[in-house]
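Here is the structure we will look at, set down as structure tokens.
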Amino acid sequence: MEHLVEARLDEIRRLIGKADDDPLKIVGVGAGAWGSVFIAMLQENYGAYREKLSVRIWRRGGRAIDKGTAQHLFEVINSREELLRRLIRRCAYLKYVEARLGDRVLYADEILKDGFCLNMIETPLCPLKVVTNLQEAVWDADVVVNGLPSTETFGVFSEISEYWKERVTAPVIISLAKGVEAEFEPHPRIVTPTQMIYRATGIPLENILYLGGPNIASEVYNKEYANARICGSEKWRKALGKFLRQSHFIVWDNSDLVTHEVMGGLKNVYAIGAGMVDTLTRESATSKSVYFAHCTSEMIFITHLLAKEPEKLAGPLLADTYVTLLKGRNAWYGQKLAKGELNLGMGDSIKGKGMIQGVSAVKAFFELLNQSSLSLQHPEQGKPVTPAELCPILKMLYRILITREFSCEAVLEALRDETMNDPRELIEIAHSHLFFQPSLLGQKP
């Protein structure tokens, strides 16, 4: 097994063109739950080959941890003997005792070095090499892993591009981000994180890939069986798929980068609503199934606008939606909003969870699909309507989360609206019209 691991490392080193005495440098940018887990998995799998590989992660410095979180962290440490012994051996335990007592302040980058991700305290990772200076982290990186939210991707990579001006060879970039943004000039279109990276850096598109799948970060790290797809150019995706594969983490490859990336953002939209329905109906299986029927019909309808062969996306999209509805942070956010434990005034970056990307995705998808230039003939009313008008769940989530016209209870009112059509009819509309709008993804017809 060790021979196979080293062979995979050697293969990717050859493809990138590394000299024998020059380690392959992999850098994670952003230290949310999935970004941290992804880097930790690489460190655990390949960290023994120090002469051939260097793995580090960048996160902003200066993020102080409050006393409540420090106390919880202390409880986690003391509940796990192996973790406790590791920190004592590294002479790192005392600072957690002092933080528990309120005698010192811990910082997010400081605890990440010991394997604690601020968004995932209860799942300790292996120790990581953490860098808080962005230039130091990325200037000579061979592979960069984007673990940033979509809302931060363009800004951070614009800064990174300044540090890459003297580079002779372009790095390979793997984006894990599932959020999307929208723009309307010169025409309406979705902008994905990989497109943001391309705009910010000018790195060739063939060197920018997307990796996503139906995964919960903590479960993947704890070696629950999982799978993902790495999407992008054939030059990189097949070799990287082999390099990233582990016995519990199967990585397939696919050429359709942007569409898979957009679908990863779409499921976050409906996950928030699912969380609301779960709380408001006291976990009623019947009500949740009604919601699932309507949200899947809307997703199918939207995929027909965005993909030439939408049927190929059905399995990956539903799988990703299913796991997000079960245990993802967007569904959790919807639950907390409906319970009144969170409110929209707190923003969409939540302590202990990180960025709730479904909020910006609701805004992007609704405003994009509400453009009059995309209008189609309503099958019953015989008048032009925008695609957004045919998606009542998306429309109501927009009015709850973005314009804030209604409370969370309105999502149930939308489900119970007697004028709402059978979900099957929306799917039939999608199948009976030539909907595909390649311009929405910035592609030529």
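Could you give the dipole magnitude of the chain about its Cα centre, charging the beta-carbon of Lys and Arg +1 and that of Asp and Glu -1, in debye to the nearest 20? Don't jump to the answer; show the numbers that get you there.
Working: 53 positive and 55 negative charges, 185 e Å.
Rounded to the nearest 20 debye, it is 900 debye.
What is the sum of charges around ILE57, taking Lys and Arg as +1, Asp and Glu as -1, for the other residues whose C-beta is under 11 Å from the C-beta of ILE57?
Numbers: positive: ARG56, ARG59, LYS113, LYS129; negative: ASP109.
Net charge around ILE57: +3.
Where does helix 150-163 land angle-wise versus the long Cα axis of the chain, in degrees 0 to 90, nearest 10?
It is inclined by approximately 40 degrees.
How much accessible area per residue does region 67-106 have, in Å², with a 1.4 Å probe? Spell out each step's value before the answer.
On the way: 2550 Å² over 40 residues.
On a per-residue basis, 64 Å².
Could you give me the ³J(HN,Hα) list for region 108-125, computed from phi with Karplus coefficients 6.51, -1.76, 1.60 and θ = phi - 60°, whole Hz, x at Gly and Pro?
In residue order, the calculated couplings are 4, 5, 5, 6, 5, 4, 8, x, 10, 8, 4, 8, 7, 4, 7, 10, x, 9 Hz.
Only loop residues by DSSP count here, and only those with at most 14 other Cβ atoms within 10 Å; note down the GluC sites (Glu not before Pro) in region 212-278 that meet that. Write down the numbers at each step before the final one.
Numbers: sites: GLU219, GLU224, GLU234, GLU261; in loops: GLU224.
Passing sites in region 212-278 are GLU224.
With a point put 7 Å past each Cα toward its Cβ, work out how far ARG404 is from ARG167 in nm, to one decimal.
Going from the ARG404 label point to the ARG167 one covers 4.0 nm.
Counting DSSP beta bridges in region 139-221, what percent are antiparallel, to the nearest 5?
On the way: 3 of 10 bridges.
Of those bridges, close to 30 percent are antiparallel.
Per residue, how many Å² of accessible area does region 1-47 show with a 1.4 Å probe?
Working: 1980 Å² over 47 residues.
Accessible surface, normalised per residue, equals 42 Å².
For the chain, just say rounded, prolate or oblate: build the C-alpha gyration tensor, square-root its eigenvalues into a ≥ b ≥ c, call rounded for a/c under 1.5, and beyond that prolate if a/b exceeds b/c, oblate if not.
Details: a/c = 2.03, a/b = 1.37, b/c = 1.47.
Cα axes put the chain in the oblate bin.
Among the trypsin sites (Lys or Arg not before Pro) within region 350-396, which fall in a DSSP loop and have no more than 15 other Cβ atoms within 10 Å of their own Cβ? Don't jump to the answer; show the numbers that get you there.
Values: sites: LYS351, LYS353, LYS363, LYS395; in loops: LYS351, LYS353.
Those satisfying the criteria are LYS351.
Which net charge results for the neighbourhood of ALA338, defined as the other residues with beta-carbon distances under 10 angstrom from its beta-carbon, given Lys and Arg at +1 and Asp and Glu at -1?
It works out to a net charge of -1.
Under Stokes-Einstein, with the Kirkwood radius over Cα pairs standing in for Rh, what whole-number D in µm²/s applies to region 70-212 at 20 °C and 1.002 mPa s? Please report the intermediate quantities before stating the final value.
Values: Rh = 17.6 Å.
For these conditions, the coefficient is 122 µm²/s.
Extending each Cα 7 Å along its Cβ direction at THR286 and MET420, get the distance between those two points in nm, one decimal.
1.5
Helix 423-432: angle to the longest alpha-carbon principal axis of the chain, degrees 0 to 90, nearest 10?
Approximately 90 degrees, to the nearest ten.
Give the Rg/Rh ratio for region 44-132, taking Rg as the radius of gyration of the Cα atoms and Rh as the Kirkwood radius, to two decimals.
Numbers: Rg = 13.4 Å, Rh = 13.6 Å.
In region 44-132, Rg relative to Rh is 0.98.
Considering only protein heavy atoms and a probe of 1.4 Å, how much of the accessible area of the chain is carbon and sulfur, as a whole percent?
Numbers: 9780 of 20040 Å².
Whole-percent figure for carbon plus sulfur exposure: 49.
Would you kindly give the portion of the calculated P(r) for region 289-378 that falls above 16 Å, as a percent of all Cα pairs? Numbers along the way, then the final one.
Numbers: 2577 of 4005 pairs.
Considering region 289-378, 64 percent of its Cα-Cα pairs are separated by more than 16 Å.
Wrap a convex hull around the Cα atoms of region 67-106, take a quarter of its surface area, and give that in square nanometres.
Details: hull surface 9.6 nm².
Over every viewing direction, the Cα hull of region 67-106 projects on average to 2.4 nm².
The values are calculated or read from the model by the stated rules, or taken from the named source; none is laboratory data. Only a predicted model underlies this, so the values are computations on that prediction, with no experimental measurement involved. Neighbour counts are summed over all protein chains in view; Cβ atoms, including those assigned to glycine, are modelled from backbone coordinates with ideal geometry. Heavy atoms of the whole protein, side chains included, go into the accessibility calculation; ligands, DNA and RNA do not. Shrake-Rupley method; radii C 1.70, N 1.55, O 1.52, S 1.80 Å.
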